[in-house]
1. Residue under question is Glu139, and the condition is that it be of a type in the set (Asp, Glu) and part of a loop (DSSP other than H, G, I, E, B); does it hold?
2. When the range 10-36 is examined, which residues are found to be assigned to a loop (DSSP other than H, G, I, E, B), more than 18 Å from Ser215 (Cα to Cα) and aromatic (Phe, Trp, Tyr)?
3. Go through the range 174-201 and report how many residues are surrounded by 17 or more Cβ atoms within 10 Å (Cβ to Cβ) and under 13 Å from the mean Cα position of the chain (by Cα).
4. On the basis of being of a type in the set (Phe, Trp, Tyr) and within 20 Å of His103 (Cβ to Cβ), does Phe151 make the cut?
5. Just wondering, is there one or more residues in the range 74-82 that are closer than 25 Å to Glu170 by Cβ and of a type in the set (Phe, Trp, Tyr)?
6. Would you say Lys39 is away from ligand 2 (no atom under 16 Å from the Cβ), in contact with a Gly (Cβ under 6 Å, 6 or more places away or on another chain) and part of a loop (DSSP other than H, G, I, E, B)?
7. Identify, please: which residue in the range 27-44 is of a type in the set (A, V, I, L, M, F, W, C) and closer than 14 Å to Thr74 by Cα and is, among those, farthest from the chain's Cα centre (by Cα)?
8. Would you please name the residue that is modelled with the highest pLDDT, looking only at residues in the range 142-157 that are in a loop (DSSP other than H, G, I, E, B) and within 16 Å of ligand 2 (Cβ to nearest atom)?
Amino acid sequence: MNKTDFDNCGFTHSHYKACIQHALDSGYRFLRMKDALNKLDDDKIILMRHDEDLSLPAAYNLARIEGDLGIKATYFLRLHAKNYNLLSHESYSIAHKIIEMGHEIGFHYELHTHPALLEKEMELFERSKSLMESLLGAEIIGMSYHEPARFMNEKDKRELPPGIQYEAYEERFMDNYKYISDSSAHWREGCMCQHIGKEDRLYILTHGFWWFDKSPVENY
Ligand SMILES: [Zn+2]
Ligand SMILES: [Zn+2]
């Protein structure tokens with residue numbers, strides 16, 4: 001990739017692809033979250049995480065780019081989203097295609113966000129997790145909290161629910177990797193391409209909804 005690919009950062013799929021290619025050319029290895037639970041010796045590692053809040057077709061656009069470049073990422077999916085239903089034929093088949101590419105699926109935890117869900121949180125969690133696992137035919141061992149800044153106190157140390165081996169904001173990730181996020185289509189510390197080569201270990205959160213081919217309105 002030449003320099004001009006990184007002079008005008010944006011949220012286009014072509015820039016997403018260029019960033020990953022740049023990381024691969026620079027010697028990084030991309031791991032799924034479940035592959036990074038134990039201490040690793042590799043120097044250059046990227047954990048690519050996706051919290052899919054709004055749109056599975058948008059998530060699939062990124063999954064396909066990653067699949068074409070031979071990397072694996074982690075997709076945290078919701079069961080109570082207003083804008084997609086994992087039981088619908090479209091969502092179900094997209095989730096299966098994402099799994100077939102070798103990406104990991106995790107539980108995007110939102111039971112803390114609504115009084116009706118919070119009331120029977122753990123009971124609902126166990127049912128939700130087993131529903132997601134039987135729908136997808138895949139074991140789920142990881143979760144990420146939906147909107148932690150809005151719904152959780154930083155000191156609020158929650159126990160991991162049954163069957164969950166990791167939560168995405170745990171210290172093993174946050175302390176050992178440089179964490180950057182595209183929240184609200186804004187990289188607070190600069191686009192991911194600007195960190196590649198500067199930081200050996202990167203933990204990148206992106207949301208497929210912000211990324212587009214020609215115009216952001218493709219997604220809404
Ligand atoms: Zn960039
Ligand atoms: Zn979320």
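1. yes
2. Listed by number, the list holds a single entry, Tyr28.
3. Residues meeting the conditions: 4.
4. no
5. yes
6. no
7. For the range 27-44, the residue satisfying everything is Leu37.
8. His146
The values are calculated or read from the model by the stated rules, or taken from the named source; none is laboratory data. Everything numeric here is computed off the predicted structure, so don't read it as measured data. Don't worry about glycine lacking a Cβ; one is built from the backbone with ideal geometry, like all the others, and counts go over all protein chains shown.
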